[in-house]
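Enquirer: So that we are looking at the same thing, I have put the structure below in structure tokens.
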Amino acid sequence: VPMGVLSCMKYLMFIFNVLVFAGGTCLAGLGVWVAVDPAGFQDIVATKAVLSVGAYLLLAVGIALALLGFLGCCGALRRSRPLLLV
């Protein structure tokens, strides 16, 4: 495989993982916002129990995606196969 192709793949994987990290951070931020200020979202969701469970679910998924994206970025920069397989 030519060296240029490997370099291109490295940067493409880095950019993809940055997007995953940014999406996870946004989801975690939205989860914190809904957990802290549920009054703004009660028009959309009628019951408070569903709203609090949804907020914590958004928070958990956002943190998991941010961690996954961060590990992917580190793996792409270092060319570490175990970090990329996570």
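The values are calculated or read from the model by the stated rules, or taken from the named source; none is laboratory data. The shown structure was predicted, so the numbers you read here are calculated from the model rather than taken from an experiment. Neighbour counts are summed over all protein chains in view; Cβ atoms, including those assigned to glycine, are modelled from backbone coordinates with ideal geometry. Side chains included, ligands, DNA and RNA excluded: accessible areas come from the protein's heavy atoms. Shrake-Rupley method; radii C 1.70, N 1.55, O 1.52, S 1.80 Å.
Enquirer: Once you place label points 7 Å from the Cα toward the Cβ at Ile15 and Val32, how far apart are they in nm?
Expert: 2.9
Enquirer: A further question on this structure: Counting alpha carbon pairs within less than 8 Å and at least 6 residues apart, what relative contact order, in whole percent, applies to the chain? Don't jump to the answer; show the numbers that get you there.
Expert: Numbers: 100 pairs, mean separation 33.7, N = 86.
Normalised by residue count, the contact order of the chain is 39 percent.
Enquirer: Angle check, please: helix 3-36 long axis (alpha carbons) against the longest principal axis of the chain (alpha carbons), in degrees 0 to 90, nearest 10.
Expert: For helix 3-36, the angle is close to 10 degrees.
Enquirer: Whole angstrom only: what separates the Cα centroid of the stretch 1-29 from the Cα centroid of the stretch 63-81?
Expert: Centre-to-centre (Cα) distance: 9 Å.
Enquirer: What per residue convex hull volume, in Å³, do the alpha-carbon atoms of the chain yield?
Expert: About 89 Å³ per residue, rounded to a whole number.
Enquirer: In whole percent, and with a 1.4 Å probe on the protein chains, what portion of the accessible area of the chain is carbon and sulfur?
Expert: Using a 1.4 Å probe with all protein chains present, the chain comes out at 78 percent carbon and sulfur.
Enquirer: Can you give the extra length, in nm with one decimal, that the chain gains between Val53 and Arg78 once fully stretched, where that is 0.36 nm per residue apart less the Cα-Cα distance?
Expert: Extra length from Val53 to Arg78 when fully extended: 5.2 nm.
Enquirer: Using only Cα atoms, find the angle between the long axis of helix 48-78 and the longest principal axis of the chain, and express it within 0 to 90 degrees, rounded to the nearest 10.
Expert: 10
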